[in-house]
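A short write-up of the structure that comes next.
Computed from the coordinates by the stated procedures, all read-outs in this text should not be read as laboratory data. None of these values were measured; they are calculated from a predicted model. Cβ placement follows ideal geometry from the backbone for every residue including glycine, while neighbour counts extend to all protein chains displayed.
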Amino acid sequence: MEAASVSLQKSDLETIAAYLCSTCKNKNTEAEAYCKNCNSCFCGKCVNLHNQLFQDHPSYGPEEMEKWPVAMATQEFLENCEVHKGKKLELFCEDHSALCCNTCVLLSHR
């Protein structure tokens with residue numbers, strides 16, 4: 001088995017989920033920012049109001065998508081081994097076309 005390091009690309013995670021503004025839910029307005037303190041996504045108009053009211057709340061734009069909740073959960077899911085909980089997927093088995101943790105490589109791959 002040939003093993004190579006694997007790293008997830010931010011752009012891959014960005015395409016996984018679409019976010020809607022928490023305040024404008026019924027209008028299906030696409031979110032442009034996320035506030036971790038409020039645990040809410042906001043469109044451009046709403047994030048401006050939010051930032052005026054809550055100046056001490058950091059908000060994250062699309063360039064920091066990895067800090068948004070689904071992206072964080074998705075990245076964690078994609079990086080962790082399903083078989084060996086708590087182990088990171090760090091290697092790629094070319095024979096099986098599979099991402100593997102170190103334990104998988106020792107037990108199931110040559």
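The modelled label-to-label distance between Leu107 and Asp56, using points 7 Å beyond Cα along the C-beta direction, is 4.8 nm. In plain terms, the residue of Ser97, Ser108 with the fewest other Cβ atoms within 10 Å comes first and the most crowded comes last, giving Ser97, Ser108. Overall size of the range 20-66 from C-alpha positions, given as principal axis extents largest first: 28, 24, 15 Å. Taking a virtual spin label 7 Å from the Cα of Asn80 along the C-beta vector, which residues in the range 91-110 bring their backbone nitrogen under 15 Å of it? Those under the cut-off are 101. Of the chymotrypsin sites (Phe, Trp or Tyr not before Pro) in the range 34-107, the ones in a loop by DSSP (not H, G, I, E or B) with at most 14 other beta carbons within 10 Å are Phe54.
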